[in-house]
Amino acid sequence: MRVAAYTGGVMVPSARARVRQYIGPLSRFGITVREYPLPLGNILPQRRGLRPLWIAATALSRTAALACSWKADVTWISRQLLPAFAPIQAMAKRPIILDVDDAVWLNTGGHRVGDLARASDLVVCGNAFLAHQFSLWNSNVAVIPTAVDTSWYRPHPNRDRGSNGALVLGWTGTSGNFPFLYAIEAALQRTFAHYPHATLLVIADKPPQFKFLPASRVGFEPWTPRTELAAFARMSIGLMPLAHDDWCSGKCSYKMLCYMAAGLPVVVTAAGMNREVLALGSVGLSAGSEQEWVDTLIALLGDRQLRRRMGDAGRAVVEKHYSLQRLAQQYALLFQSLGGESTRGNRSPIVCPAKRIVT
């Protein structure tokens, strides 16, 4: 079976986590995936003068790439075909699978997401909150969480040792999510007052700009798969602060799951899917208020054995529920159900297992 996959670009996290990492595992099921990323990414240039050229080049490249869908058995669309443009899904060959891992209807041009969902034969959502929203536009909805490659993210034998006895709080992600990290800056500052040797390590596309944390307490590594993996080996705790809103309810806890796969305990906001993951085992602690962040961080930093137990429990949860090999099987079944010759014209709906809002 041949699948044409359309993603937002080579550097887009959803393309890497929701499509690209499945290409190898799906080949073992006889499914060949060819990815067609947007060559200039999925974000408009900040300089307005460059936008007309970017729009023209992006529309032209995507239109040309869509012709390749007619050589495939299934068209797989990650989030959207074109950012904030009029939908062009009529040019794609069906069956179409729309794959969503964020509350994309809240983005600029997100009102067109409903049109793309209605035009799709199946919508695959990363969590139940997203599935509830997309079930309003398409009755054929499935939930598949974002998988973690447990052969890549593994507990390091020397994790949580740091250098010179240092304790390291870690955060990884894109700079667009820095506001969530900035929201706990006061809690971090108070925590560091209790632990003079504790530091924060940030792995992102650019350095954060804190107002109060001294530069000596903040490390930065430019994100690449290998620098992130090496940084995890130095961390004591993985952080995932969020807000309690629809955008954060749409997040699929991928950052949290990567920490857990690397054997790290987590301290997270119990928003959206984070709450569901926390309920699967003693993998870490939740924090809401500034005081809760301070209390949970101090408690974990002061107990290495607790950190190790929670890290081991987190690894077990990921292996059982979120491993790439496990979830690749679910994708394979969906592709086969839509793209197999025996199922054409006789497709039964795939019902979302939990159509409810997670708050």
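The values are calculated or read from the model by the stated rules, or taken from the named source; none is laboratory data. For clarity, every value in this text was computed on a predicted model and none was experimentally measured. Glycine gets a Cβ as well: all are built from the backbone with ideal geometry, and neighbour counts include every protein chain shown.
Some observations on this one:
- Options GLY8, GLY24, GLY30, GLY114; residue that is crowded, with 21+ Cβ neighbours inside 10 Å and at pLDDT 85 or above: GLY8
- Residues being in contact (Cβ under 8 Å) with a residue 60 or more places away in the chain and either buried (at least 20 other Cβ atoms within 10 Å of the Cβ) or in contact with a strand residue (DSSP E or B) (Cβ under 8 Å, 6 or more places away or on another chain) (or both) - total across region 219-232: 2
- Among all residues of region 245-261, there is at least one that is crowded, with 23+ Cβ neighbours inside 10 Å, within 23 Å of TRP223 (Cα to Cα) and free of Cβ contacts under 8 Å to residues at least 40 places away in the same chain.
- Of the residues making up region 69-103, just one is at pLDDT below 90, buried (at least 16 other Cβ atoms within 10 Å of the Cβ), in contact with a helix residue (DSSP H, G or I) (Cβ under 6 Å, 6 or more places away or on another chain) and outside any loop (DSSP other than H, G, I, E, B), namely GLN89.
- Residue ID - surrounded by the most Cβ atoms within 10 Å (Cβ to Cβ), chosen from residues in region 140-156 that are of a type in the set (A, V, I, L, M, F, W, C) and in a loop (DSSP other than H, G, I, E, B): ALA147
- Residue in region 314-322 that is part of a helix (DSSP H, G or I), crowded, with 19+ Cβ neighbours inside 10 Å, at pLDDT 95 or above and touching a Lys or Arg at 6+ places or on another chain (Cβ under 7 Å) present: no
- Any chance THR296 is modelled with pLDDT of 95 or more and within 28 Å of VAL124 (Cβ to Cβ): no
- Residue count for region 117-127 under the criterion of being in contact with a strand residue (DSSP E or B) (Cβ under 6 Å, 6 or more places away or on another chain) and part of a helix (DSSP H, G or I): the result is 1.
- Residue selected from region 175-218 under the condition free of Cβ contacts under 8 Å to residues at least 24 places away in the same chain and among the small types (Gly, Ala, Ser), by the criterion surrounded by the fewest Cβ atoms within 10 Å (Cβ to Cβ): SER216
- Residue count for region 293-307, restricted to those that are charged (D, E, K, R) and surrounded by 17 or more Cβ atoms within 10 Å (Cβ to Cβ): 1
- Strands (runs of 3 or more DSSP E) lying entirely in region 196-302 (those with 2 or more residues that are under 17 Å from TYR182 (Cβ atoms) and of a type outside the set (Ser, Thr, Tyr)): 198-204, 218-222, 237-240, 266-268
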